[in-house]
1. Taking residue 314, is it in the same structural domain as residue 281 (by TED's automatic domain parsing), touching a residue at least 40 places away in the same chain (Cβ under 8 Å), assigned to a loop (DSSP other than H, G, I, E, B) and under 28 Å from residue 47 (Cα atoms)?
2. Taking the conditions exactly as written (of a type in the set (S, T, N, Q) and within 19 Å of residue 46 (Cβ to Cβ)), does residue 342 satisfy them or not?
3. Can you pull out every residue in the stretch 325-380 that is of a type in the set (A, V, I, L, M), part of a helix (DSSP H, G or I) and closer than 24 Å to residue 234 by Cβ?
4. Does the stretch 252-271 contain any residue that is part of a helix (DSSP H, G or I) and either among the acidic types (Asp, Glu) or surrounded by 22 or more Cβ atoms within 10 Å (Cβ to Cβ) (or both)?
5. Restricting to the stretch 68-87, what's the tally of residues that are surrounded by fewer than 23 Cβ atoms within 10 Å (Cβ to Cβ) and of a type in the set (A, V, I, L, M)?
6. Regarding residue 334, is this residue of a type in the set (Lys, Arg), assigned by TED's automatic domain parsing to the domain that holds residue 226 and surrounded by fewer than 17 Cβ atoms within 10 Å (Cβ to Cβ)?
7. Quick check on residue 47: is it of a type outside the set (Val, Ile, Thr), in a helix (DSSP H, G or I) and in contact with a Ser or Thr (Cβ under 9 Å, 6 or more places away or on another chain)?
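The values are calculated or read from the model by the stated rules, or taken from the named source; none is laboratory data. Bear in mind the structure is a predicted one, so any value in this text is a computation, not a measurement. Here the Cβ is made from the backbone with ideal geometry for all residues, glycine too, and neighbour counts use every protein chain on show.
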Amino acid sequence: MQSFKLGFLVNPIAGIGGSVALKGSDGDGIAEQALALGATAKSNYRAQQALEVLLPYQERIQVLTVSADMGETTAKSLGFDTQVIYQATEPTSAIDTENAVQALIDEGIDILLFAGGDGTARNVCSQVGDSFPVLGIPAGCKIHSGVYAVTPKAAGRVIEKMVTNELVTLTDADVMDIDESLFRDGVVKAKRYGEMSVPSELQYVQAVKSGGKESDELVLQDIAADVINHMEEQLYIIGSGSTTAFLMEELGLANTLLGVDVIQEQDLIATDITEPQLWQMLEQYDDQQGEQPAKLVITLIGGQGHIFGRGNQQLSPRIIQRIGKDNIIVIATKTKLAQLNQRPLIADTGDQVLDQALSGLIKITTGYNDQVLYPVASPN
């Protein structure tokens, strides 16, 4: 049987700045700064989740990849027939990504599966344009591009269809990215950089993320009024997103649109907090006020239905577990829920046990004294 040639590439530092509030990994010295603040690289773990779906088909797949942490280590650890096509420099760079993409395509791969964020997609696009099939494994802080699967496992499912010779339609998807220097200041400025050809399995591949704020101000006022009316004296952690930003605006508090803030008794006590800082704060709070558990207020990130795993990496599995599912407040407009076309919300924390625990029906505040039940699913 002829082998399926899977091109496999990992940006090992993709998303490394997310948990420490740096909003990404683009820019000189950002990765080093993130590591110094206690961040850990997770893109290879997310790439591994995608490849694990393909383990039943190992005999059919040859993985052509890049040296060390740019793909080789993960593919070999899972036992795939692995061939290194390109030797990356150390530390790796965008130039390595671009050179590796070209080398892999020259080897006659069937599709390029890559793990990264929007910056990585831009690097890949600069080499392939819309002339070669690709699929992204989401591993960055910001995933605006339509070339990524909804979750790492979803990426594996799409490749599985190709390996088993199911009909997979290709479509052109936009490559989008934002200016991280502005992003770190709370300004979202997205730009289209091109398009690439991706498998269009709609349940597995995301649409281009919406970039605008909610426009229905009256509905948002009702949602904010409901949350504020039920606020007590305990700690409230406010996640990222335009809907939570409106809540903060109604409270008259400064907000980190793309970060995590903390309030208590409706006063702002921490802004753009990192995961280690948040963990320490929760430890101190629980020691002092254990009878009143902290609350977490979150919303859907973009148009994909993610409540965890996109744009809020500060909310790590240990943070979410400490807070507890019963203390999570989800807010969203019914319009935004309707745009999901009955697809479930997605909890993609990186911890499979936690994702499963978060799955099922969850209450969502959609107005004043108005809640709906909506399903949450763990990644496919």
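1. On the way: in the same structural domain as residue 281 (by TED's automatic domain parsing): yes; touching a residue at least 40 places away in the same chain (Cβ under 8 Å): yes; assigned to a loop (DSSP other than H, G, I, E, B): yes; under 28 Å from residue 47 (Cα atoms): yes.
Taking the combined requirement at face value, the residue satisfies it.
2. On the way: of a type in the set (S, T, N, Q): yes; within 19 Å of residue 46 (Cβ to Cβ): no.
Taking the combined requirement at face value, the residue does not satisfy it.
3. Here is the first cut: in the stretch 325-380, the ones of a type in the set (A, V, I, L, M) are 328-332, 337-338, 340, 345-347, 353-354, 357-358, 361-362, 364, 372-373, 376-377.
Those still in the list that are part of a helix (DSSP H, G or I) too: 337-338, 353-354, 357-358.
Of everything in the stretch 325-380, those that are of a type in the set (A, V, I, L, M), part of a helix (DSSP H, G or I) and closer than 24 Å to residue 234 by Cβ turn out to be 354, 357, 358.
4. Residues of the stretch 252-271 that are part of a helix (DSSP H, G or I), as a first pass: none.
No, the stretch 252-271 has no match at all.
5. Taking the stretch 68-87 as the starting set, the residues that turn out to be surrounded by fewer than 23 Cβ atoms within 10 Å (Cβ to Cβ) are 68-69, 72-73, 76-87.
When the remaining residues are screened for being of a type in the set (A, V, I, L, M), the result is 68, 78, 84-85.
Residues flagged as surrounded by fewer than 23 Cβ atoms within 10 Å (Cβ to Cβ) and of a type in the set (A, V, I, L, M) within the stretch 68-87 amount to 4.
6. On the way: of a type in the set (Lys, Arg): yes; assigned by TED's automatic domain parsing to the domain that holds residue 226: yes; surrounded by fewer than 17 Cβ atoms within 10 Å (Cβ to Cβ): yes.
Yes; evaluated as a whole, the condition is true for this residue.
7. On the way: of a type outside the set (Val, Ile, Thr): yes; in a helix (DSSP H, G or I): yes; in contact with a Ser or Thr (Cβ under 9 Å, 6 or more places away or on another chain): yes.
Judged against the criteria, residue 47 is a match.
To keep it simple, each residue is scored yes or no on (1) in contact with a Phe, Trp or Tyr (Cβ under 9 Å, 6 or more places away or on another chain); (2) at pLDDT below 95; (3) of a type in the set (D, E, K, R).
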residue: 16; (1), (2), (3): no, yes, no
residue: 31; (1), (2), (3): no, yes, no
residue: 35; (1), (2), (3): no, yes, no
residue: 47; (1), (2), (3): yes, no, no
residue: 52; (1), (2), (3): no, no, yes
residue: 64; (1), (2), (3): yes, no, no
residue: 67; (1), (2), (3): yes, no, no
residue: 70; (1), (2), (3): yes, no, no
residue: 81; (1), (2), (3): no, no, yes
